[in-house]
Structure formats: C-alpha cells, structure tokens
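Student: After the structure tokens below, expect a handful of questions from me.
The values are calculated or read from the model by the stated rules, or taken from the named source; none is laboratory data. No experiment lies behind these values; they were computed from the predicted model shown. Glycine gets a Cβ as well: all are built from the backbone with ideal geometry, and neighbour counts include every protein chain shown.
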Amino acid sequence: MNIALQTRSPALSEYYSETKCIWCDGCGNYGIWTAVKYALVELNLHPWQVCLCYDVGCHGNGSDKIEGYRFHGLHGRVIPFAAGAKLANMKVPVIAFGGDGATFSEGIGHLIHGLRSNYPITFVLHNNANYGLTTGQASSLTPQGQPMNTSPNGIPEHTLASMDLIFSLNPTFVARGFSGDIKLMTRILKAAIQHRGFAFVDMLQACPTYNHFATHEYLLDKYFDANAEGHDPSNLQQAKAFATRVQDRIACGILYQREDIPDFYNRLAPRQGLETTCVEEVRKYDVSEYWKELV
Amino acid sequence: MPRISLKMVGASGQGINSIGAIIAKGLKRSGYCVFGYREYPSLIKGGHASYQLDVSNQRICSTETKVNVLVALNHHGLELNMEELKQGGIVLHVTPGWQFPEHHRKLIAERSLHVIYFPVDDMLNRLGAGAILSNVLLTAFVWSMLDQDIDALKSLVGAKFAKKKALLELNMRCIDEGYSFVDSEQGTISVALPPPDKGFASHLLITGSQAMGLGAVHAGVRLYAGYPMTPSSPLLSFIAELENKTHVVVKQAEDEITAAQIVSGAMYMGTRALTATSGVGFDLMSETLSLNAMIENPTVFVLAQRPGPATGLPTWTAQGGLLQATSCSAGEFTRCVISVSNSQDAFDLMPVAFNLAEQYQISVIVLTDKQIAEALYTQHPYDLESADIDRGRLVVDPEKLKFLKSSDRFDPHAKGGVSLRWLPGSDAATYCAQGDEHNSIGAVEESSLNTRLQMEKRLRKFDGLKAGLPAPDLSIGGRSAKTIDWMDAGGEIELLAIGWGSTGDVFQDVMCSDELRGRRIAYLHYTYLWPLRTQELQVLAKRSKRIVLVEQNYQGQLGMLIRMSCGLDIPDKILKYDGRPFFYDELLSSVMERCAVTSESEEKSPRFVYADTAS
C-alpha cells in the first residue's frame, strides 16, 4: 500500500451513503460493512482514495451502501478486474469482495491465479457457505449432505476444503474473521490492506435466512482470536492447522503472513525503478525506435 | 503491374520462414515492394507449410496462386505444388534422384519449366557446415537467380552474426558457395525482376500484428493482457518483446475472461489497456463486453478472426467474426466495430479505437484476421504526428474535479448520452461503476422511469457515434476517389464492389491489373462496420450497373448488416470460406466475369434490389 499523507483525517461519516441497506435482519454483511469503513478510516483513507470492487451476491448489494470509488461486476470475476485496476494505479488501495459461491465455483480459477500471481490487492471472502442472493443453493463450501434449495436430499459433492486449497498456493497473507466481531475484523482488514501482496481474508458470516447450520450463535460459540492466544502469523504449520481444523473451535485473526515475497507488480522487470503509474503514463508515444529493426 | 512470385515450401520447422524473411528483406532493401504470405498447419514440426513472396516495383499487397519460382525443401513440395508453376517457371529442389511422375513430366514439358536439383548435402559436407546452414546456401542461390548483389545478402546475414566470428565466416562461405552454384543441365538461370524503385528501400517489412502493436504503444496503451490464441498471439508476443523498452505491463492471463477483466479494471482506473483474442476466445470475453456497456467503461478488444465454428482452422484466415462482433453478448447497448485492412491502418486505427472508446465510453471491437496478422507488408514508415489522444469527457483538472457531483457520472440527461467521467483516486465525489441497472450515482435502481432513462442514455450514444464516423473509402479504377464527388456526379459505375478488412488490398491490386486498369470499377471499403454508415453506398448503388459483395465468410455478413441498416439487398456475392485469403488471380477472374456480364447486359436493370421492394 502506498498512501499519501493527508492533512485532514477522514471521518467515518464520509463513508455514509444515502442508499438504504437491504440485507436481511441479522445478516453478517452489516458487520463486515461496518468493519470495512472503520478500517479505511483508521488507515487515514478518504473515500476518494480507495477502490472497492464487489462481486455478485448479497455482499455485492453493498456496493452502493458505502462511499469510495466502487465497482460492482459480474459473478466470479472480481479478482481479475481488481487486479487490473491495481496494476494500472499502484497508488490506490484496491479491495475486492466476493462471496463463497462466486469465489469457489464460477471464479475459482481467478482465485487460484490471484493467489499464485500475488497481486497487490486485498480479497475479502464473504463466506456464508451458500448462494444467498439466488435463494439458498449450496455452494462448494456448504457441508456435504446439507439439504439446500435445489438439493433437497443434501448435496452429493464433497465440500471443498477451501483453506487446504489456499495454503497449497503459497499465500502471503491469510486471515479469518467473523461477522459478529467488528473489532477483530477491523484489525484484520487494516493489516490486509497494508499487506504488500495478495491478502486473503475469509470472513465467516451469518446468513440467517438460508444458513441453518453455521449460524451466528454457532460461530459466536466456536470462534476465537488466535493472535490473542499467542499465534505467530509467521508460523506456517500452526497457521495451516488453525485454518483447516474447525470442528471444535474456529481460529480467527491473522493466521499467516509473510512479507518477503514481492508482489506481482514488483516482479515486473519493465516496471523496475519507475515512479509513475500506468494511469499517469497515457500519452502519445514515439515508436520509431522500435521499428528500426524492421527496415 | 509487373509481379513475380516465389514460394518456399517444406515442413514446419525446416526453415522456409527464415529463407523467406531474408529474401524479403534483401529485395525490399534493393527497392522492391514485397508481400509475404504464410500457410501452415496447426503443429510445430512437420506438416506442409509455405512462405510465398509476391514482388513488384509498385505497391503490391496480394498473393497469386501461380508462382515463378518454387523452392521445395522436401519431396512433398514436388508432389503437391508443381501445378502452381507459371509458364517458364523454376523448380528448385534438394531431393537427390527425384523421379517426377508422368503427369509432372508432361507438365514440365508443357510449361517449359526449369527443374534444378540443388545438391545441398554435398555442399554442406564440402564446407564442413551443419544442416542448419542449408537455408543459407539455398537463399544465396535464389539471390543469384534474382540477379541481386551478393554483398547486400552478405551484409544482411552478417548482421546476425556480427559478434560470432567463426559462424560469420562459415555463413559467408556458404553464401559464396550457394551464390556461385550453376546447374550443369540448366546453366545460368535468372528470374527477371522489373527495375527497382529505391523508395521502397527505407520502408519497413512488417506484419499486421507488429503494426498493431506499434500502433497500440503509440496510442498510449500501458497495459496488455492476453491469452494465447492464433492469430492474436503474435500481437501478445510482439508487445511482450518490446516490454523492456516500452515499460508496458504485460500479463499472460489464465484465460480470456481474465484478460478481458484485467483490461477492463485497468481502463476503469484510467490507463489505456488492450487485449486480443480470436473466435471462441472472444465468446469468453463477451460477458465482459456487456459489463463494460453497463458501467460505461471505455475498452478496446481486438478480435483476430480465423475460421470457425469452434477451434475451426486455427492457422487460417476468415472474416466470419463480423456478426459475432456486432451482435454478441447480453442486453442492448452501443458498441463500435471497426476493422483493420493492412499494416497501415493496423497502426493508424489503434489511436482511433481508443479515442472512440473514451469519447463515447463504450467498447470498441477492432477486427483483424490471420491474413493481416501474419502477412508481411512493405510499409512506408508511419506518420507519428497526426494521431491525437482524445480522452473525451474525462475530467482531470483538480479545480473542475472539486465541483463534480456523484450524479454527474451517470447523468441520464448528459448530451448525447455521454456523461462526465473521472478516475478512481481523483479528489472528488465518488460513484459506483454499477453492473446492475443504476441511477446517476451508480446506486441500484429498478424503477420504470430510471430504467428507461438509463437505457436511453446508453443507446443514445449510437446516434452521435454513427454521425461522427468517417465515410467508407471509395476507389475507382484503383485510384482513391472522394466519395462525395461520386455521389452527385462522376458518371456511371460499371461494377461497384463492397468489401472490408483484408479483402480491400487484394481488390486494389485487382483494379490495378493490366486487365482492368482504367475501367470504371468502383470499390467501396468499409473500415467502420458498426454503426454502419450507408448513405454513400445507397447513392453509389444507384449509379452502378452492377453491384457485388466481396467477403471471406459464408453468409455475406457485411451484406446482412447493409440490408439491416438500409434495406439494400445485394444478391451477387463473391464469397470465400475455405480458410484462404482472396488470391489476386482468383479475385481478378471473379471480377472480370462480372465485368463481361455487365458489358453484355448493358440494357438490363442493375442486379440489386431494395429489400422492401423485393418480392
């Protein structure tokens, strides 16, 4: 992240939107939405300084409930769009949001290559373990056997081991939050936005309408702040164990982070030493030097 | 127009491209216009491939089916390509003891062909050179047949090995050996070239893909994302080759969807970014096209056509993507479809495409095809002055940014439907680039009134865009003519042909042929294909005795768009859909047939009708 110093600190009210919230009562989106605003304010970012990119789903209906330069795109595609935005202007923090449906089904290729590429963006997974906006179908993160809309007998497929997948891709930042703990989510988001590579943030989120297995109460009972219990995010083995073992207790917090791996942009040889962004470089170029070899 | 053609044939990987490239460059430097055309199967080594050079001392940009010289690097060429030789042509081959079958012996006699066996293995042994140098030997011999200066070839080949002295020496000895070879039976044979025009010496030898890449950089493209697919891959390769000099961000994406999304994100942020693909790759990009329409995000997509459906003929050419470009993707929205025609406008149209995209905040699809992408053109160095960078209603001035309201971004009442645009990171009111139907600030709004207003805003751009597009290019008898002059006066047109894309250059060559020079044959060439401007065509059609559509697709897709736009139906079509471009002699004979018919049926009414009056 590269944020210019501001003389005037932002107020939380700068992020207020006139558009009214339309989520269900008790939806986890309220908590995540609030934590995002807190994190941006605490990072001293005004709305005009940030780019917030939303995938499609209930969380995406938050794209007009907050200020900032926002984008609300197509299902599953938010990661490459956000990556393109960031690569074009490295001076603007870019945060992408996507649900578990989009991210682990239609857009799973983008997630994999986003992690592999280590794009310098933050990705926030709104994880309510189902397709909310299309009325409660199973996602690949819904537990196998769980009856859902379109799968009344329970889904026959295996549940995708999302954290095993994430850790197989050599991530540089993995965190997990819970929509009921705004303070914890705020801390995680601040660290994620300041992280130099691809920050994967799994936000466990209540879906009171369609998720009757991992409810707010269930998550509230099981989650804990692993960092508060002394977990060191540089400990890969411990991080993996915390991330994947969720039967008894669910470890939250910054599970894993390493800062020694350059992000995608900083690996681009042609961009080394350049101070300008691609956005600033748009002008007419004399290309005659490049055709000399063709004469 | 004098024209000579040389064709190198062999297996992919045997070196026909390197022979072709060196001879092309040498001849260009000597003052010839060279047009190079490659045919090859979709594999890396083996198969039967060709590299043909058509040469003239005047502008030439087409390929003939008949050749003056055939260079066969293996016996398959002797089996497959003999029929292509012109009267008195030369067959140069390297297959020892080759016995031609009876029908070829007859052909050799009838056409007085000169068959030369070039003992390349003996020469390599004598020189102690590896097989890789057989191409140098052959090149040198062809060079001597063309009566070209040996030193010119030496300096051309030498430049490659300037730092490797031993290799340089060996190459020079091969050139001497090959150049001085004389076939014992045929004696000294030469191919008569017309006198050179030194003007060509300073031209570039460039493919359409290279031209497009240079044009893109010229136009301010700072990010390129792509997924390899012929014939769009050479553009990706060329942009990547230049990256250390241009500092352009290059991303080989995991698929076409990703490439389209990365480019869209980058354009939303405010840089100029480009992607290219072909056929089914563009299908994958089409959802992003729809998205960009809704968020009014300027974007440019290159669609490099090859025959379909599906993966079709991967390494061959077509113009079957026109309706795909004009019609694909969900919802109704304004888009612009333009097509490059050759190495000149492949360069010139890149700034134009980005300007149109930014002026109207729409997607512009730039069509090219395998023929343009990979053909080798003799190209005058580009004009670097005339292009502008026009970013439309983009607000960057900090003073003006202060006064912006969020509702300016998608103001439905904006003139021509084009509202103000400003970039993320600007110290100003913010907005949402909203993929759902939205109001002026980008908040989701589904009301009837808002839906109508926003639809009308986005589609109103079509009228302004259409009104501002240039007229199609008219040429009469091979000379460029002002469309406007021919609309009101200018006499009767014997034959009016209509085409677009790579067809244009071949038609130009046809009109300049000795057979048709001076005839009142008109060719109307469409660069701007959607929206389609038809007022000139409608007037010209009335002045023409006969009208014909020339396209490289099965349905006559431009003809369909013409009929859709103005009702003019063109039943007579010259269509080609076999993966090959129009060849000069083939198109010439199609046009001559029609001219003959035109003269015979002088009194008859023109063979075209308006759809609304047709029975």
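Student: Could you run through segment B:418-439 and say how many residues are in contact with a Leu (Cβ under 8 Å, 6 or more places away or on another chain), more than 7 Å from chain A (Cβ to nearest Cβ) and under 15 Å from B:ASN292 (Cα atoms)?
Tutor: The first filter runs over segment B:418-439 and keeps only residues in contact with a Leu (Cβ under 8 Å, 6 or more places away or on another chain), leaving B:420-423, B:426-429, B:435.
If we keep only those that are more than 7 Å from chain A (Cβ to nearest Cβ) as well, we get B:420-422, B:429.
Adding the requirement that they be under 15 Å from B:ASN292 (Cα atoms) leaves B:421.
So the count comes out to 1.
Student: Which is at pLDDT below 95, over 31 Å from the mean Cα position of the chain (by Cα) and among the aliphatic types (A, V, I, L, M), of B:ALA481, B:ALA433, B:ALA489?
Tutor: Details: B:ALA481 fails: over 31 Å from the mean Cα position of the chain (by Cα); B:ALA433 fails: at pLDDT below 95.
Matching residue, one of B:ALA481, B:ALA433, B:ALA489: B:ALA489.
Student: Same structure again: Is it true that some residue in segment B:278-300 is more than 7 Å from chain A (Cβ to nearest Cβ), touching a residue at least 60 places away in the same chain (Cβ under 8 Å) and of a type in the set (Asp, Glu)?
Tutor: yes
Residues are listed down the side, and each one gets a yes or a no for (1) among the basic types (Lys, Arg); (2) under 26 Å from A:GLU14 (Cα atoms); (3) assigned by TED's automatic domain parsing to the domain that holds B:LEU291:
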{"site": "B:LYS402", "(1), (2), (3)": "yes, yes, no"}
{"site": "B:LYS415", "(1), (2), (3)": "yes, no, no"}
{"site": "B:VAL418", "(1), (2), (3)": "no, no, no"}
{"site": "B:LEU423", "(1), (2), (3)": "no, yes, no"}
{"site": "B:THR430", "(1), (2), (3)": "no, yes, no"}
{"site": "B:GLU437", "(1), (2), (3)": "no, yes, no"}
{"site": "B:SER440", "(1), (2), (3)": "no, yes, no"}
{"site": "B:ALA443", "(1), (2), (3)": "no, yes, no"}
{"site": "B:LEU453", "(1), (2), (3)": "no, no, no"}
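Student: Taking the residues in segment A:264-280 that are at the interface with chain B (Cβ under 7 Å from one of its Cβ atoms) and assigned to a loop (DSSP other than H, G, I, E, B) as candidates, determine which candidate is nearest to B:VAL250 (Cα to Cα). Spell out the reasoning first.
Tutor: Step one: of segment A:264-280, the residues at the interface with chain B (Cβ under 7 Å from one of its Cβ atoms) are A:268-271, A:274, A:278-279.
With the extra rule that they be assigned to a loop (DSSP other than H, G, I, E, B), the set shrinks to A:268, A:274, A:278-279.
Values: A:LEU268: 8, A:LEU274: 15, A:CYS278: 12, A:VAL279: 15 Å.
Filtering segment A:264-280 for residues that are at the interface with chain B (Cβ under 7 Å from one of its Cβ atoms) and assigned to a loop (DSSP other than H, G, I, E, B), the one nearest to B:VAL250 (Cα to Cα) comes out as A:LEU268.
Student: Something else: Kindly indicate whether A:ASP221 is within 30 Å of A:GLY180 (Cα to Cα), at pLDDT 95 or above, more than 12 Å from chain B (Cβ to nearest Cβ) and out of contact with any helix residue (DSSP H, G or I) (no Cβ under 9 Å at 6 or more places or on another chain). Spell out the reasoning first.
Tutor: Values: within 30 Å of A:GLY180 (Cα to Cα): yes; at pLDDT 95 or above: yes; more than 12 Å from chain B (Cβ to nearest Cβ): yes; out of contact with any helix residue (DSSP H, G or I) (no Cβ under 9 Å at 6 or more places or on another chain): yes.
Here the answer is yes, as A:ASP221 does meet what is asked.
Student: Pairs needed: first member in segment B:6-28, closer than 13 Å to B:ASN74 by Cα; second member anywhere, among the β-branched types (Val, Ile, Thr) and at pLDDT below 95; C-beta distance under 7 Å; at least 6 residues apart or different chains.
Tutor: B:MET8/B:ILE16; B:MET8/B:ILE19; B:VAL9/B:ILE16; B:GLY10/B:ILE16; B:SER12/B:ILE44; B:GLY13/B:ILE44
Student: Right, here's the next one. Being among the basic types (Lys, Arg), more than 8 Å from chain B (Cβ to nearest Cβ) and farther than 26 Å from A:VAL41 by Cα is the requirement here; does A:ARG116 meet it?
Tutor: Here the answer is yes, as A:ARG116 does meet what is asked.
For every residue, the table says whether it meets (1) within 7 Å of another protein chain (Cβ to nearest Cβ); (2) outside any helix (DSSP H, G or I); (3) within 22 Å of B:SER264 (Cα to Cα); (4) in contact with a Cys (Cβ under 9 Å, 6 or more places away or on another chain).
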{"position": "B:LEU404", "(1), (2), (3), (4)": "no, yes, no, no"}
{"position": "B:PRO412", "(1), (2), (3), (4)": "no, yes, no, no"}
{"position": "B:ILE441", "(1), (2), (3), (4)": "no, yes, yes, yes"}
{"position": "B:ASN450", "(1), (2), (3), (4)": "no, no, no, no"}
{"position": "B:LEU453", "(1), (2), (3), (4)": "no, no, no, no"}
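Student: Among B:GLN305, B:GLN324, which is the only one that is more than 14 Å from chain A (Cβ to nearest Cβ), modelled with pLDDT of 95 or more and more than 15 Å from the chain's Cα centre (by Cα)?
Tutor: Working: B:GLN305 fails: more than 15 Å from the chain's Cα centre (by Cα).
Only one candidate passes the filter, namely B:GLN324.
Student: Against the condition in contact with a strand residue (DSSP E or B) (Cβ under 7 Å, 6 or more places away or on another chain), within 11 Å of chain B (Cβ to nearest Cβ), within 21 Å of B:ASP255 (Cα to Cα) and not aliphatic (A, V, I, L, M), how does A:TYR54 come out, does it pass?
Tutor: Working: in contact with a strand residue (DSSP E or B) (Cβ under 7 Å, 6 or more places away or on another chain): yes; within 11 Å of chain B (Cβ to nearest Cβ): yes; within 21 Å of B:ASP255 (Cα to Cα): yes; not aliphatic (A, V, I, L, M): yes.
So A:TYR54 passes the test.
Student: While we're on this one: Being free of Cβ contacts under 8 Å to residues at least 60 places away in the same chain, surrounded by fewer than 18 Cβ atoms within 10 Å (Cβ to Cβ) and over 24 Å from B:ALA373 (Cβ atoms), is that true of even one residue in segment B:53-73?
Tutor: The answer is no; no qualifying residue exists.
Student: Could you tell me whether any residue of segment A:69-83 is over 23 Å from A:VAL282 (Cα atoms), buried (at least 24 other Cβ atoms within 10 Å of the Cβ) and basic (Lys, Arg)?
Tutor: Within segment A:69-83 (the criterion being over 23 Å from A:VAL282 (Cα atoms), buried (at least 24 other Cβ atoms within 10 Å of the Cβ) and basic (Lys, Arg)), the answer is yes, since at least one residue qualifies.
Student: Sticking with this one: From B:ALA159, B:ALA152, grab the single residue that is in contact with a helix residue (DSSP H, G or I) (Cβ under 7 Å, 6 or more places away or on another chain) and either of a type outside the set (D, E, K, R) or surrounded by fewer than 21 Cβ atoms within 10 Å (Cβ to Cβ) (or both). Give the steps one after another, and end with the answer.
Tutor: Details: B:ALA159 fails: in contact with a helix residue (DSSP H, G or I) (Cβ under 7 Å, 6 or more places away or on another chain).
Among B:ALA159, B:ALA152, only B:ALA152 is in contact with a helix residue (DSSP H, G or I) (Cβ under 7 Å, 6 or more places away or on another chain) and either of a type outside the set (D, E, K, R) or surrounded by fewer than 21 Cβ atoms within 10 Å (Cβ to Cβ) (or both).
Student: State the number of residues belonging to segment A:167-178 that are in a loop (DSSP other than H, G, I, E, B) and in contact with a helix residue (DSSP H, G or I) (Cβ under 7 Å, 6 or more places away or on another chain). Talk me through it step by step, then tell me what you get.
Tutor: Our first condition is that a residue be in a loop (DSSP other than H, G, I, E, B); within segment A:167-178, this holds for A:169-172.
Add one more test, that the residue is in contact with a helix residue (DSSP H, G or I) (Cβ under 7 Å, 6 or more places away or on another chain), and what stays is A:169, A:171.
Residues meeting the conditions: 2.
Student: If you go through segment A:148-166, how many residues are crowded, with 20+ Cβ neighbours inside 10 Å and assigned to a helix (DSSP H, G or I)?
Tutor: Residues of segment A:148-166 that are crowded, with 20+ Cβ neighbours inside 10 Å, as a first pass: A:148, A:162-163, A:166.
Restricting the remaining residues to those that are assigned to a helix (DSSP H, G or I) gives A:162-163, A:166.
The qualifying residues number 3.
Student: Need at least 2 residues that are in contact (Cβ under 8 Å) with a residue 40 or more places away in the chain and closer than 21 Å to A:THR19 by Cα per element, so show me which strands (runs of 3 or more DSSP E) inside segment A:33-141 make the cut, counting only ones lying wholly within it.
Tutor: On the way: elements: A:51-54, A:69-72, A:94-99, A:122-127.
The strands (runs of 3 or more DSSP E) meeting that bar are A:51-54, A:94-99.
Student: Could I ask something else about it? Mind listing whichever residues of segment B:109-129 are within 37 Å of the chain's Cα centre (by Cα) and small (Gly, Ala, Ser)? Show your work before the answer.
Tutor: If we filter segment B:109-129 for residues that are within 37 Å of the chain's Cα centre (by Cα), which is where we start, we get B:111-118, B:120.
Passing the criteria: only B:SER112.
Student: If you take the residues in segment B:207-245 that are more than 10 Å from every other protein chain (Cβ to nearest Cβ) and β-branched (Val, Ile, Thr), which one is nearest to A:VAL295 (Cα to Cα)? Before you say what the answer is, go through the steps one by one.
Tutor: Residues of segment B:207-245 that are more than 10 Å from every other protein chain (Cβ to nearest Cβ), as a first pass: B:208-209, B:212, B:224, B:226-237, B:239.
Now narrow it down to the ones that are β-branched (Val, Ile, Thr): B:230, B:239.
Numbers: B:THR230: 26, B:ILE239: 18 Å.
Applying the filter and picking the extreme gives B:ILE239.
Student: Residues that are touching a Leu at 6+ places or on another chain (Cβ under 6 Å), surrounded by fewer than 21 Cβ atoms within 10 Å (Cβ to Cβ), modelled with pLDDT of 95 or more and farther than 21 Å from B:LYS466 by Cβ: does segment B:504-512 have at least one? Before the answer, list the steps.
Tutor: Of all residues in segment B:504-512, those touching a Leu at 6+ places or on another chain (Cβ under 6 Å) come to B:506, B:510.
Filter once more, keeping what is surrounded by fewer than 21 Cβ atoms within 10 Å (Cβ to Cβ): none.
No; the residues of segment B:504-512 include none that is touching a Leu at 6+ places or on another chain (Cβ under 6 Å), surrounded by fewer than 21 Cβ atoms within 10 Å (Cβ to Cβ), modelled with pLDDT of 95 or more and farther than 21 Å from B:LYS466 by Cβ.
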